[in-house]
Amino acid sequence: MLDGGIHLSLLIGPAVPSPAPAEVVDALDAVQVTSSTELGGFQLTFKAGRESGLVNRLLPSGYFDPIITRVILLVTVNGQTTVIMDGVITRQELTPSNEVGKSTLTITGEDLSRMMDLVEMPFMRFPAMPIIARVYLILAKYAAIGIVPLAIPPILPDVSNPLEALPSQTGTDLAYIKQLAKQVGYVFYIEPGPVAGMNIAYFGPDIRIPDPQPALTVDSDAATNVESLSFSLDGTMKKITVVTVMDPFTGKIPIPIPIPNISILRPPMGLRMPIPAKVEFVEGMAGLSLTDAANRALGILWNSTDSVTGTGTLDVLRYGRVLRSRMMVGVRGAGRTYDGLYYVNSVSHSLKRGEYKQNFNLSRDGLISNVSAVMP
């Protein structure tokens with residue numbers, strides 16, 4: 001599927017997906033993929049006429065059955081292959097039409113984190129196990145489907161005395177790991193690739209890969225490689241968060257600690273920082289231990305919000321490669337105020353025959369670039 005130096009590969013099937021047969025590839029009409037800091041998803045639209053093999057043979061045989069059917073999508077642009085989705089089907093919709101060629105079969109799915117959200121554990125205990133050990137123990141169950149854990153221990157140790165408390169899990173594995181991530185200010189997500197069938201389950205601080213992608217260029221005549229790009233500055237996004245902890249000696253005197261809204265893991269990338277517009281007080285921290293409160297405060301410091309955002313659309317063939325989320329990218333042609341480096345928060349892929357476009361969302365903190373030039 002696709003032309004002009006772009007090739008889409010579709011692997012589908014239970015257990016280990018295999019290349020889709022020709023009749024499936026020929027019937028594929030459109031692909032939508034969303035990649036963000038939360039849950040990734042995909043949607044495949046097929047032409048499904050009355051005499052189609054998809055409707056008469058593959059659909060009844062369970063070829064597109066939810067949960068048990070895995071889908072891997074790879075895109076090759078100018079010889080560079082990228083895994084843009086590895087997930088499972090969650091829904092199928094058949095829409096017959098009285099018009100010739102208008103009947104469609106739509107397959108919707110989510111990334112492999114959905115497999116971690118199917119079984120609720122009644123009451124799983126982890127005696128004397130730190131958070132990092134619990135994360136690795138839970139993720140080990142999913143090695144069979146190609147999930148490789150990459151987990152970073154919390155900065156401060158968190159081992160509890162089994163005589164005083166037993167860490168326990170209720171709910172699904174996904175919900176529990178995200179709960180643990182929230183406790184220490186971390187994020188958890190599953191990133192497909194780098195090869196088909198392999199996925200990285202990341203548990204750690206929200207760090208963006210500091211290797212900038214080729215710049216997004218706007219309003220630059222022949223050098224322009226984006227179809228649209230707009231920026232906004234939200235003056236209400238910056239805030240000072242105040243946490244309250246009890247003094248470690250008596251445990252009775254509340255001590256307010258202001259936390260600035262600047263992430264130490266994600267540099268602002270702007271010279272002129274916006275002024276904080278509001279003050280927020282975090283509840284529920286006074287009863288935490290000193291270690292838990294410190295980890296929670298570090299999480300607030302790491303996950304500060306960005307006040308400058310950008311949204312746009314690009315044609316992948318003109319850009320020359322696939323724009324990836326959770327990485328950095330340069331911007332040029334937007335003027336002195338908004339040029340410079342940004343974080344790519346989310347990307348959605350839209351593929352049709354002869355067309356591959358991406359919608360993207362960018363962010364950074366501060367106006368006016370702090371670098372003299374961006375990557376070509």
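The values are calculated or read from the model by the stated rules, or taken from the named source; none is laboratory data. Every value quoted in this text rests on a predicted model; they were computed, and no experiment measured them. No Cβ is skipped: glycine too gets one built from the backbone with ideal geometry, and neighbour counts run over all protein chains shown.
Does the range 173-191 hold any residues that are under 14 Å from the mean Cα position of the chain (by Cα) and acidic (Asp, Glu), and which are they?
Across the range 173-191, the qualifying residue is only Glu191.
Is it fair to say Ala277 is modelled with pLDDT under 75 and touching a Ser or Thr at 6+ places or on another chain (Cβ under 7 Å)?
Answer is yes for this residue.
Condition check ((1) within 17 Å of Ser35 (Cα to Cα); (2) of a type in the set (S, T, N, Q); (3) outside the structural domain of Ala30 (by TED's automatic domain parsing)) across all residues:
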position: Asn56; (1), (2), (3): no, yes, no
position: Ser61; (1), (2), (3): no, yes, no
position: Thr69; (1), (2), (3): no, yes, no
position: Leu73; (1), (2), (3): yes, no, no
position: Thr82; (1), (2), (3): yes, yes, no
position: Asp86; (1), (2), (3): yes, no, no
position: Glu93; (1), (2), (3): no, no, no
position: Ser103; (1), (2), (3): no, yes, no
position: Thr106; (1), (2), (3): no, yes, no
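Need the failing condition index for Lys102 against (1) free of Cβ contacts under 8 Å to residues at least 24 places away in the same chain; (2) of a type in the set (D, E, K, R); (3) buried (at least 19 other Cβ atoms within 10 Å of the Cβ), just the number.
Just one mismatch for Lys102, condition (3).
Take the residues in the range 106-129 that are under 9 Å from Gly171 (Cα atoms) and not in a loop (DSSP other than H, G, I, E, B), then tell me which one is nearest to the chain's Cα centre (by Cα).
Going through the qualifying residues, I end up with Asp117.
Under 28 Å from Phe188 (Cα atoms) and of a type in the set (A, V, I, L, M) - does that describe any residue in the range 37-44?
Yes.
What about Ile190, is it within 30 Å of Leu317 (Cα to Cα) and touching an Asp or Glu at 6+ places or on another chain (Cβ under 7 Å)?
Yes, satisfied.
From the set of residues in the range 192-201 that are surrounded by 20 or more Cβ atoms within 10 Å (Cβ to Cβ) and either under 11 Å from the mean Cα position of the chain (by Cα) or of a type in the set (A, V, I, L, M) (or both), which is nearest to Thr82 (Cα to Cα)?
Going through the qualifying residues, I end up with Pro192.
State all residues of the range 253-267 that are assigned to a loop (DSSP other than H, G, I, E, B) and modelled with pLDDT of 75 or more; if no residue qualifies, say none.
Listed by number, the list holds a single entry, Ile253.
Mind checking whether some residue in the range 180-199 is touching a residue at least 60 places away in the same chain (Cβ under 8 Å), among the acidic types (Asp, Glu) and closer than 29 Å to Pro256 by Cβ?
No, the range 180-199 contains no residue that is touching a residue at least 60 places away in the same chain (Cβ under 8 Å), among the acidic types (Asp, Glu) and closer than 29 Å to Pro256 by Cβ.
Has the range 170-177 got any residue that is acidic (Asp, Glu), over 22 Å from Met124 (Cα atoms) and not assigned by TED's automatic domain parsing to the domain that holds Val75?
Taking every residue of the range 170-177 in turn, none turns out to be acidic (Asp, Glu), over 22 Å from Met124 (Cα atoms) and not assigned by TED's automatic domain parsing to the domain that holds Val75.
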